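Only one structure is covered here, and it is reproduced in the block below.
The numbers here are math on the coordinates, done by the rules we state, and not lab data. Owing to the predicted nature of the structure, the values given are computational and were not obtained by experimental measurement. Every residue, glycine as well, gets a Cβ built from its backbone with ideal geometry; the counts of neighbours run over all protein chains shown.
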Amino acid sequence: MTDILDLPGWTPTNVRVENDEYVIEAEYTVLPDACQKCVLQPFVQIADTVGCDEKTVRTLAAEHIAHVDGGYLPALPEWLGIDETQIHGKLRLVLTDELQAQIGSGMRRACR
């Protein structure tokens, strides 16, 4: 007998009893091969590989991009200071937010 809580690639997220029924919610944690290739292949080729419409691939990609980009807020200082310094004998770039007079940390703040 297969233990439903121990299926390969599946991770149970919630187990409960609802209306005298045992309800198990789980998510599939193994990404399909097509997802790994999305960056390298055009949507048409992915749609052919998976066996669906190109619009479906574009819609899923747009949702994923919106999810990934949702938390990203680039910081653009009004005055960007560019300098260099030597660390362990190698030249390194130093960027500063000149108005905030902070090295590096000013670059992480959200835009106003």
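The table that follows gives values for the structure above.
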quantity	calculated
Residue-by-residue Karplus 3J(HN,Hα) for region 23-29, coefficients 6.51, -1.76, 1.60, Hz, glycine and proline x	10, 10, 9, 8, 10, 8, 9
Interchain or long-range residues, amide H under 5 Å from residue 41's placed H	none
Residues residue 67 and residue 98, FRET efficiency given R0 of 35 Å [Cβ-Cβ distance, rounded to 0.05]	0.55
5 angstrom amide H check on residue 26, placed H, neighbours 5+ away	13
In sequence order, calculated HN-Hα J values of region 89-99 (Karplus, 6.51, -1.76, 1.60; Hz; x Gly/Pro)	x, 10, 6, 10, 7, 10, 10, 10, 8, 5, 6
